[in-house]
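Enquirer: Sharing a structure below in structure tokens format, with a few things to ask.
The values are calculated or read from the model by the stated rules, or taken from the named source; none is laboratory data. Every value quoted in this text rests on a predicted model; they were computed, and no experiment measured them. Reconstructed Cβ throughout: ideal geometry from the backbone, glycine too, with neighbour counts over all protein chains shown. The protein model used for the area step is the full one, side chains on, heavy atoms only, and it has no ligands, DNA or RNA in it. Shrake-Rupley method; radii C 1.70, N 1.55, O 1.52, S 1.80 Å.
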Amino acid sequence: MEDKIALHGFNNLTKSLSFNIYDICYTQRPAEREEFLAYTNEMCSAQKLETILSDVCNIIGAHVLSVSTQDYDPMGASATFLIAEEPVSCPATLKRPEQTKLKSNNPFLVAHLDKSHLAAHTYPEGSSKTGVSTFRVDIDIATCGHISPLKALNYLLHAFDSDVVSVDYRVRGFTRDVRGRKHFIDHKIYSIQEFIAPDILQRYQTVDINVYQENLFHTKMLLKDVKLSDYLFGMKDENWSETERRRVTTLLHQEMTEIFYGKNIFHA
């Protein structure tokens with residue numbers, strides 16, 4: 001068992017995990033694109049995001065102080081949790097605002113929060129030029145004290161089962177031990193991949209960009225195997241020519257590659 005550091009008061013270190021995932025789909029016609037976006041919008045509604053964030057709180061051992069959720073018109077959703085490390089002593093302090101519909105072309109929620117929090121936002125998007133539609137989900141988990149957002153990493157990866165994943169983890173601030181010595185990190189970490197289950201890692205091509213002296217860790221993940229039938233929404237490729245199959249498969253690979261590297265490579 002690892003020796004625990006005797007701290008002076010509260011552990012003031014802030015540990016933040018930013019989880020950015022992309023689901024890709026090929027939609028040949030505008031109607032199929034609309035159906036795909038409506039489907040993903042339903043699958044990641046504010047209510048669904050609230051359930052996922054509730055599970056994350058249970059996994060990392062956090063206690064919910066308040067919850068705010070929002071669905072958007074025409075699409076997109078957000079959910080934000082204010083959390084504490086210790087149990088909530090007064091249930092009356094829990095706040096659950098009524099959910100409403102807002103018109104917005106940019107589905108994003110900004111909230112001023114005290115101490116630790118969880119937030120999730122969705123971004124549906126479709127390209128009429130290539131026929132490729134993308135659904136992005138951003139999840140941010142910020143904790144202070146002893147609870148670690150890294151505990152929820154595998155749950156989130158399994159929950160979304162995505163094509164491209166970008167994960168950032170950073171530790172900020174410092175805490176003091178009983179001798180007055182500052183500690184800028186309270187756990188050992190070499191790579192985010194240490195905390196990802198082997199069965200997940202083997203499915204992805206991964207790249208790390210870490211700045212150890214700044215306690216900054218970044219991992220990008222790109223799905224290795226792309227089976228065309230898994231990416232067709234509202235259609236089948238049974239009657240497609242081999243040329244058409246290769247064309248669409250190439251489009252999907254190109255979309256994932258550009259998202260993975262964060263730049264235009266094929267669609268300049």
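Enquirer: If you check Glu255 against the conditions, is it in contact (Cβ under 8 Å) with a residue 24 or more places away in the chain and not polar (S, T, N, Q)? Walk me through it before giving the result.
Expert: Details: in contact (Cβ under 8 Å) with a residue 24 or more places away in the chain: yes; not polar (S, T, N, Q): yes.
Answer is yes for this residue.
Enquirer: Let me ask you something else. So which of Ile209, Ile189 ends up being assigned to a loop (DSSP other than H, G, I, E, B), among the hydrophobic types (A, V, I, L, M, F, W, C) and under 27 Å from Leu157 (Cβ atoms)?
Expert: Exactly one of Ile209, Ile189 is assigned to a loop (DSSP other than H, G, I, E, B), among the hydrophobic types (A, V, I, L, M, F, W, C) and under 27 Å from Leu157 (Cβ atoms), namely Ile189.
Enquirer: Across the stretch 99-126, what is the number of residues that are open to solvent by 30 Å² or more (accessible area, probe 1.4 Å), at pLDDT 50 or above and under 30 Å from Leu252 (Cα atoms)?
Expert: Adding up the residues that qualify gives 3.
Enquirer: Which condition does Thr134 not pass, out of (1) open to solvent by 50 Å² or more (accessible area, probe 1.4 Å); (2) assigned to a strand (DSSP E or B); (3) touching an Asp or Glu at 6+ places or on another chain (Cβ under 7 Å), if it passes all the others?
Expert: (1)
Enquirer: If I go through the stretch 149-193 residue by residue, how many of them are open to solvent by less than 60 Å² (accessible area, probe 1.4 Å), among the acidic types (Asp, Glu) and at pLDDT below 90?
Expert: 2
Enquirer: Given the condition under 21 Å from the mean Cα position of the chain (by Cα), open to solvent by 60 Å² or more (accessible area, probe 1.4 Å) and among the small types (Gly, Ala, Ser), answer yes or no: does some residue in the stretch 231-241 qualify?
Expert: Within the stretch 231-241, not a single residue is under 21 Å from the mean Cα position of the chain (by Cα), open to solvent by 60 Å² or more (accessible area, probe 1.4 Å) and among the small types (Gly, Ala, Ser).
Enquirer: Can you confirm whether Ile141 is assigned to a strand (DSSP E or B) and in contact (Cβ under 8 Å) with a residue 60 or more places away in the chain?
Expert: On the way: assigned to a strand (DSSP E or B): yes; in contact (Cβ under 8 Å) with a residue 60 or more places away in the chain: yes.
Answer is yes for this residue.
Enquirer: Determine which single condition Thr80 fails, assuming it passes every other condition in (1) surrounded by 22 or more Cβ atoms within 10 Å (Cβ to Cβ); (2) over 24 Å from Thr143 (Cβ atoms); (3) of a type in the set (Ser, Thr, Tyr).
Expert: Here Thr80 meets the rest and fails (2).
Enquirer: Name the pairs: first residue in the stretch 230-244 and under 17 Å from Ala38 (Cβ atoms), second residue charged (D, E, K, R) and part of a loop (DSSP other than H, G, I, E, B), Cβ to Cβ under 9 Å, at least 6 apart or on different chains?
Expert: Pairs found: Gly234/Arg29; Met235/Arg29.
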